[in-house]
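*Asks:* I'd like to ask some things about the structure below.
The values are calculated or read from the model by the stated rules, or taken from the named source; none is laboratory data. Since the structure is predicted, the reported quantities are computational estimates derived from the model, not experimental observations. A quick note on method: Cβ atoms are made from the backbone with ideal geometry, for glycine too, and the neighbour counts reach across all protein chains shown.
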Amino acid sequence: MAKNADLLPGTLDMLILKAISLEQLHGYGVLLRIKQISGGALDIPQGSLYPALYRLEHQGLIASEWGQSENNRRAKYYTLTALGRRRLREETAGWNRLAIAMAAALNAAPEET
Amino acid sequence: MLGRIRSLFRALTTRNDFEQGMGEELRSHIEQYTDDLIRSGVSPEEAARRSRMEFGGLNTVQEECRQARGLRFFDELVRQSRYAARLLRKSPGFTITALLTLAICLGANLTIFAVIDSVLLRPLPFPNAGGLVTMFNTYPRAGVERDGSSITNYYERRGRIPAFDAVALYRFETAIVGEAGSTEREPVALVSPEFFPTLGVNLKMGRGFTEAETSLHTDTVAILSDRYWREHCGADPQVIGKQIRRDGVAVTVIGVLPPGFRFLSSRATLYFPYSSRPEQRTPSERHSGGNSRQMIAHLRPGATLSQAQAQIDAQNATLEKDDPQAKMMADAGFRTVVAPLHADHVASIRPVLLLLQAGSLTLLFIGAVNLMNLMLIRANGRAKEMALRQALGASRGHVVSEVMVETIILTLAGGALGLAAGAAGIRFLAVFGADQLPLGSEIAFDGRLAAVAFLGAGLLGIVLALPVAWFALRGHLANAIQSESRGGTASRAAQTLRHGFVVAQIALAFVLLCGAGLLGLSLERAMSVSPGFRPDHVLTGQISLPWSAYPNWSSRLTFNEKLLSEIARQPGVSEVGLVNNVPLSGDNGMSAATVKGHVLRPGESLRGHYSYGVDGDYFTAMGFSLHEGRFLTAEDSRRGERICVVDEDFARYYWPNRSALGQHLFVGSTVTKDSDAFTVVGVVGAVKQVGLTEEVAQGAVYYPYALRTDDRLFVVVRTVVPPESMGLTLQKLVRQIDPRLPMSDVRSMDARIGNSLIAQRSPALLTGLFSAIALLLTAIGTYGVLSYAVSLRRGEIGVRMALGALPGQIRGQFLALALRLLLAGTALGVGGAWLAGRAMRSLLFHVPPTHLPILAGAAAAMALVSFAACLLPSHRAARISPMEGLSHR
């Protein structure tokens, strides 16, 4: 198993939004999806997933409804709201700026200073 | 934000679904993970163990989810409420005392506030309420402050004052309605065609009055109030076009008013057009307002009161230019006042209501201080527990919210009780004549008041909890744990605060007592004023003779004669007379009289005087005193001679050093030909005309009934039996003479006097009641604080007793403490009473705002109460045995 990266604070919300933006998912599905899109590099503590989902729903970024899962269980499916979509866009842009800036800063060679 | 509140609200209202769904979701997660693990080759037991471990504590996760949804706060609130309720149940003495105090104090405030809200605050119940104004003529230098508006005023102002988009004239009177034998006198209103549009009121049925219906021969139409329509027409939907009888004349119903319509405090059930003859609309009638004709107007949107006033002033100035009476009116200080209708209508009652609200707020203050003290004492008893809990990690927020929740639960429960007390209070106020106040019958006890009650109770809870929370927080942690257990005097600050509260309480109760004393003394002084006649054993009642049935003076005088002789024949009657208006009837207007040969002094103007028409033995029946000459008798009415009787005030004003007998005067504001002059044949004692507290001696003239054009008629009977017992007999006698004539307003003069004092009596009684409660609360407060002081110092006292202190010394120590509190409170109270006295000066009658005997009396009452309250605690202190000092340690 590849070495897992620790989650930075605040990134869990972003990952959940991203996962749900790809398709409607139930809680366990979100977990699997994040694992999958991060190539297994990001490991989310299972216990912290649900409070995050409830918080996002409370903030109106995602919506939930009950449905049937693939193996015929009752499951709660989450979808992204318009507000959530906008938030995801903003966060992604913000993250990218930060990542580029961080990479540039960390790659700086002595003569460039 | 809104979304979050909605989400929280959904989670709260469907709490069970929320919990169930959350449990299901989390369990299903764990199951799926377990299945996946099994599928990847892990043994089922191992899979179950690992999935549960990786997920973490289910309870913790659930709690975090709830918190994410904003539910934790509410869970905590519910928990704390339960805890607080349990605590309150555990100390029933405290809880009951607190609830009773709150119920009484909040109830008193809500009662008064309900009146203030209905009378002063709520807009009048008309669509156009905002821009309604009233106008009246005033002649201050003639002694006539208000003279309504004349018909001429109305026709001259209609459509000519740009600031108004509607102007209307109205007048209240009574009419005899119904068929012979079942007639009733109904209060009615005469209104000009624009009256209802001015108010913005639409009829429920039919149409309003038209311009064509304002002449004497075309005014046979009527608009019914909803109540009259229901009670007398059986709510007939086809009532339009039907006929009813007004003073014997058939009139056609053309409209019905919407339910609940009521113009100010009027009880009018029927509305008729305000009709007039052309000569009543001429400039010479411009100043014949006579307080019964009133004018209202509606301000055009955007127009202001001052614009309207300026335009009215300008119009008056223009019109007076070619008015022969202008000089005289200007000398009398003539002006037309434009005032907001609502404010003007309630102006007389406003200071009384504000005073009562101030009184009840003071009561609430005293009650609140009591509660604060009780709670501080209680909190001190729990200081150790609090300190311990804080030491064990309870957060400060937690401690504060616990105190807040407990207090707010208490005050909200008190608020609910107070609401019930207030509802009872409103009924109680009706006994005090609240429904006779302007707009008094509109007093409502509704959702708005309930909202005020709970809001107020909640706020009070927060305020009450503040000092307790502060002391709980100032967290003398270890300090409290040690010192309170020693029973020492640990928190000096808390003690100072408690004593300060008692001082404030004594001061406030003192102020209330003084206020009640001033009002009570005013009432007593007003009651001891002689009305000028002998009111005992006098029964009065009103009849109105319709012009349709009694078209001329001879028929009216024949009726009078018959009535007088029939009544005089009754056993139990000693004298009987008739008059067009009795003193203190509540509707005593003035009119001008001019004395022949009287030269106006510089600055002096024409004067208004009360004038009456009398028949029969009115003066002896009412019990007037005779100063000079003779009374008028029934004979004078018959003979039609132009004579009159004046009262002593009138005689003193015009003929200060001469006899009034044989002098001449004229009705109206001008001296005309000698054959119109009235000769004075007698001078009678002055009587109080509008109320016992009136101070201005305006003078009165009495004419023979036949020579006064007035269709009102009061029967005045002096009896040898209790006057009320004659009421039915009188009514039956009138019906025997004319079955169409009802007699109304049958009351003894004593009852009329009592009624005229209602403006003095009710505030005096209510503030008296408030101060009695205040005294009781202060006694409870002083007692509570002193007995707590004793219980705190049991150990110390025991030791001193052991060392040889005498019980008397111990008792003296606590009496001295009570005395100190009393002196400080009274000193503050004297200042407050001085301020309060000045503020209520306008409500006092012959009592100075600072009255030494009242101050002394209040101080004595406070002293008595304080000492009574500290008797038991100090006695208890003196009986502490030396042994207790030892065991207490």
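*Asks:* Within the set of pairs 6 or more residues apart or between chains, which connect a residue that is under 17 Å from residue B:395 (Cβ atoms) inside the range B:458-473 to a residue that is surrounded by 20 or more Cβ atoms within 10 Å (Cβ to Cβ) and basic (Lys, Arg) with Cβ atoms less than 8 Å apart?
*Replies:* Taking only residues 6 or more apart or on different chains, not a single pair turns up.
*Asks:* Only one of B:234, B:260 is within 31 Å of the chain's Cα centre (by Cα), over 25 Å from residue B:151 (Cα atoms) and part of a loop (DSSP other than H, G, I, E, B). Can you tell me which? Talk me through it step by step, then tell me what you get.
*Replies:* Working: B:234 fails: within 31 Å of the chain's Cα centre (by Cα).
Testing whether each residue is within 31 Å of the chain's Cα centre (by Cα), over 25 Å from residue B:151 (Cα atoms) and part of a loop (DSSP other than H, G, I, E, B) leaves just B:260.
*Asks:* Separate question: Restricting attention to the range B:38-82, which residues are among the hydrophobic types (A, V, I, L, M, F, W, C) and touching a His at 6+ places or on another chain (Cβ under 8 Å)?
*Replies:* First, pick out the residues of the range B:38-82 that are among the hydrophobic types (A, V, I, L, M, F, W, C): B:38, B:42, B:47-48, B:53, B:55, B:58, B:61, B:65, B:68, B:71, B:73-74, B:77-78.
Residues satisfying the conditions are B:55, B:68.
*Asks:* Being at pLDDT 90 or above, in a loop (DSSP other than H, G, I, E, B) and surrounded by fewer than 20 Cβ atoms within 10 Å (Cβ to Cβ), is that true of even one residue in the range B:243-256?
*Replies:* no
*Asks:* Residue pairs, Cβ under 8 Å, 6 or more apart or interchain, first in the range B:567-586 and farther than 16 Å from residue B:747 by Cα, second in a loop (DSSP other than H, G, I, E, B) and charged (D, E, K, R). List them.
*Replies:* Between residues of the range B:567-586 that are farther than 16 Å from residue B:747 by Cα and residues that are in a loop (DSSP other than H, G, I, E, B) and charged (D, E, K, R), the close pairs are B:575/B:617.
*Asks:* Continuing with the same structure: Which of (1) closer than 27 Å to residue B:743 by Cα; (2) touching a residue at least 60 places away in the same chain (Cβ under 8 Å) does residue B:260 not meet, given it meets every other one?
*Replies:* Condition not satisfied by residue B:260: (1).
*Asks:* Could you tell me whether residue A:64 is within 10 Å of chain B (Cβ to nearest Cβ) and in contact (Cβ under 8 Å) with a residue 12 or more places away in the chain? Don't jump to the end; show me each part of the working.
*Replies:* Values: within 10 Å of chain B (Cβ to nearest Cβ): yes; in contact (Cβ under 8 Å) with a residue 12 or more places away in the chain: yes.
So residue A:64 passes the test.
*Asks:* Something else now. Residue under question is residue B:475, and the condition is that it be surrounded by fewer than 18 Cβ atoms within 10 Å (Cβ to Cβ), at pLDDT below 80 and over 30 Å from residue B:754 (Cβ atoms); does it hold?
*Replies:* Working: surrounded by fewer than 18 Cβ atoms within 10 Å (Cβ to Cβ): yes; at pLDDT below 80: yes; over 30 Å from residue B:754 (Cβ atoms): yes.
Yes, satisfied.
*Asks:* Return yes or no: is residue B:344 over 21 Å from residue B:671 (Cβ atoms) and assigned to a loop (DSSP other than H, G, I, E, B)?
*Replies:* no
*Asks:* Quick check: is even one residue across the range B:725-740 of a type outside the set (D, E, K, R), without any contact (Cβ under 8 Å) to a residue 60 or more places away in the chain and either surrounded by 21 or more Cβ atoms within 10 Å (Cβ to Cβ) or in a helix (DSSP H, G or I) (or both)?
*Replies:* Of all residues in the range B:725-740, those of a type outside the set (D, E, K, R) come to B:725-731, B:733-734, B:736-737, B:739.
Then drop every residue that is not without any contact (Cβ under 8 Å) to a residue 60 or more places away in the chain, which leaves B:728.
Now restrict to residues that are either surrounded by 21 or more Cβ atoms within 10 Å (Cβ to Cβ) or in a helix (DSSP H, G or I) (or both): B:728.
Yes, there is a match, as at least one residue in the range B:725-740 is of a type outside the set (D, E, K, R), without any contact (Cβ under 8 Å) to a residue 60 or more places away in the chain and either surrounded by 21 or more Cβ atoms within 10 Å (Cβ to Cβ) or in a helix (DSSP H, G or I) (or both).
*Asks:* Report the residue count in the range A:32-48 for those that are within 19 Å of residue A:77 (Cβ to Cβ) and more than 8 Å from every other protein chain (Cβ to nearest Cβ). I'd like the intermediate steps shown before the answer.
*Replies:* In the first step, residues of the range A:32-48 are kept if they are within 19 Å of residue A:77 (Cβ to Cβ); the result is A:32-37, A:44, A:46.
Remaining after also requiring more than 8 Å from every other protein chain (Cβ to nearest Cβ): A:32-37, A:44.
Residues that pass the stated criteria total 7.
*Asks:* Is it true that some residue in the range B:444-452 is surrounded by fewer than 19 Cβ atoms within 10 Å (Cβ to Cβ), within 15 Å of the chain's Cα centre (by Cα) and free of Cβ contacts under 8 Å to residues at least 40 places away in the same chain?
*Replies:* no
*Asks:* Of all residues in the range B:1-14, which are touching a residue at least 40 places away in the same chain (Cβ under 8 Å) and either more than 7 Å from chain A (Cβ to nearest Cβ) or of a type in the set (Asp, Glu) (or both)?
*Replies:* So in the range B:1-14, the residues touching a residue at least 40 places away in the same chain (Cβ under 8 Å) come out as B:4, B:7-8, B:11-12.
Selection gives B:8, B:11, B:12.
*Asks:* Test of understanding: among A:70, A:90, which residue is within 13 Å of chain B (Cβ to nearest Cβ), among the charged types (D, E, K, R) and either free of Cβ contacts under 8 Å to residues at least 12 places away in the same chain or in contact with a helix residue (DSSP H, G or I) (Cβ under 6 Å, 6 or more places away or on another chain) (or both)?
*Replies:* Working: A:90 fails: within 13 Å of chain B (Cβ to nearest Cβ).
Selected residue: A:70, the only one of A:70, A:90 that is within 13 Å of chain B (Cβ to nearest Cβ), among the charged types (D, E, K, R) and either free of Cβ contacts under 8 Å to residues at least 12 places away in the same chain or in contact with a helix residue (DSSP H, G or I) (Cβ under 6 Å, 6 or more places away or on another chain) (or both).
*Asks:* Mind checking which helices (runs of 4 or more DSSP H) fall wholly inside the range B:26-114 and carry at least 3 residues that are within 26 Å of residue A:68 (Cα to Cα) and within 14 Å of chain A (Cβ to nearest Cβ)? Break it down into steps so the answer makes sense when it comes.
*Replies:* On the way: elements: B:44-55, B:58-68, B:72-90.
The helices (runs of 4 or more DSSP H) meeting that bar are B:44-55, B:58-68.
*Asks:* Moving on. Any chance the range A:50-59 includes a residue that's at the interface with chain B (Cβ under 10 Å from one of its Cβ atoms) and more than 15 Å from the chain's Cα centre (by Cα)? Break it down stepwise before answering.
*Replies:* Initially, the range A:50-59 is screened for residues at the interface with chain B (Cβ under 10 Å from one of its Cβ atoms), giving A:50-59.
Within this subset, residues satisfying the condition of being more than 15 Å from the chain's Cα centre (by Cα) are A:58-59.
Looking for residues that are at the interface with chain B (Cβ under 10 Å from one of its Cβ atoms) and more than 15 Å from the chain's Cα centre (by Cα), one finds at least one in the range A:50-59, hence yes.
*Asks:* Wholly within the range B:510-629, which strands (runs of 3 or more DSSP E) include no fewer than the required count, namely at least 1 residues that are in contact with a His (Cβ under 6 Å, 6 or more places away or on another chain) and either within 20 Å of residue B:701 (Cα to Cα) or among the acidic types (Asp, Glu) (or both)? Walk me through how you get there before you give the answer.
*Replies:* Numbers: elements: B:538-544, B:573-579, B:590-595, B:608-616, B:626-629.
Of the strands (runs of 3 or more DSSP E) lying wholly inside the range B:510-629, those with at least 1 residues that are in contact with a His (Cβ under 6 Å, 6 or more places away or on another chain) and either within 20 Å of residue B:701 (Cα to Cα) or among the acidic types (Asp, Glu) (or both) span B:590-595.
*Asks:* Of the numbered conditions (1) of a type in the set (S, T, N, Q); (2) at pLDDT below 90; (3) surrounded by 14 or more Cβ atoms within 10 Å (Cβ to Cβ), residue B:555 fails exactly one; give the number of that condition.
*Replies:* Unmet condition: (3).
*Asks:* Residues of the range B:426-442 being in a helix (DSSP H, G or I) and under 20 Å from residue B:351 (Cα atoms), which ones? Write out each step before concluding.
*Replies:* If we filter the range B:426-442 for residues that are in a helix (DSSP H, G or I), which is where we start, we get B:426-431, B:434-436, B:440-442.
Result: B:426, B:429, B:430, B:434, B:435, B:436, B:440, B:441, B:442.
*Asks:* I've got another one for you. On the basis of being farther than 20 Å from residue B:677 by Cα and buried (at least 21 other Cβ atoms within 10 Å of the Cβ), does residue B:650 make the cut? Even if it seems obvious, please write down each step before you answer.
*Replies:* On the way: farther than 20 Å from residue B:677 by Cα: no; buried (at least 21 other Cβ atoms within 10 Å of the Cβ): yes.
Answer is no for this residue.
*Asks:* Please give the number of the condition residue B:347 fails out of (1) loosely packed, with under 15 Cβ neighbours inside 10 Å; (2) over 30 Å from residue B:111 (Cβ atoms).
*Replies:* (2)
*Asks:* Out of curiosity, is residue A:22 away from chain B (no Cβ under 12 Å), touching a Lys or Arg at 6+ places or on another chain (Cβ under 8 Å), surrounded by 16 or more Cβ atoms within 10 Å (Cβ to Cβ) and not polar (S, T, N, Q)? Walk me through how you get there before you give the answer.
*Replies:* Details: away from chain B (no Cβ under 12 Å): yes; touching a Lys or Arg at 6+ places or on another chain (Cβ under 8 Å): yes; surrounded by 16 or more Cβ atoms within 10 Å (Cβ to Cβ): no; not polar (S, T, N, Q): yes.
So residue A:22 does not fit the description; no.
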